[in-house]
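Take a look at the structure below.
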Amino acid sequence: MERYVEHCLRRSGTDMIPKTRIKTLKMTIVIVSSFVICWTPYYLLGIWYWFQPAIIQHTPEYVHHILLVFGNLNTCCDPVIYSFYTPSFQDDLADVVECCCRRQINNVSPCSVECLSGRSAGAAVEMESDLSSNQKSGNPG
């Protein structure tokens, strides 16, 4: 047991970094990059005003709002970035892309969701009948 712990703690130049650490490093780089990209314009504008306060009268107010909103979009980007690094999301996204490509090739109606839900046509009809009976009884589902 002691040798195992020593082996795990020691790293030589020939050891490869585990895949999970590489994945975490990539995700961290993407998260930090999105933060820098989203907030840099807003802070550059702030620095510009600091050195040239008179320029605030020449800059339209909507520019301030757009840059602030763009900075706040970083908050919305983080969950999307995390989801792209989640294996289950990647699998579901691959299924959606595959289904959409299959629809284009076969000219299938975009309204059918059987290929996305993984259900057969019978299960889809059963689900529709359950929904209609719930709507009649006043239950939302």
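Rounded to the nearest 0.05, what FRET efficiency do Gln52 and Ile81 have when you use their Cβ-Cβ distance and R0 = 30 Å? For R0 = 30 Å, the calculated efficiency reads 0.30.
As a proxy for reagent exposure, Trp48, Trp39 were ordered by neighbouring Cβ count within 10 angstrom, fewest first; the result is Trp48, Trp39.
Using a Förster radius of 41 Å, what is the FRET efficiency between His64 and Glu98 based on their Cβ-Cβ separation? Nearest 0.05, please. Don't skip to the answer; put the middle values down first.
Working: r = 44 Å, r/R0 = 1.07.
Result of the calculation: an efficiency of 0.40.
Arranged from fewest to most other beta-carbon atoms within 10 Å of their beta carbon, Phe51, Phe70 become Phe51, Phe70. A Förster radius of 35 Å combined with the Cβ-Cβ distance from Ser88 to Ile17 puts the calculated FRET efficiency at roughly 0.90.
Each value in this text was obtained by applying a stated rule to the coordinates, not by laboratory testing. These numbers were taken from a predicted model, which means no experiment stands behind them. Quick reminder, even Gly has a Cβ in these numbers, built from the backbone with ideal geometry, and neighbours come from all protein chains shown.
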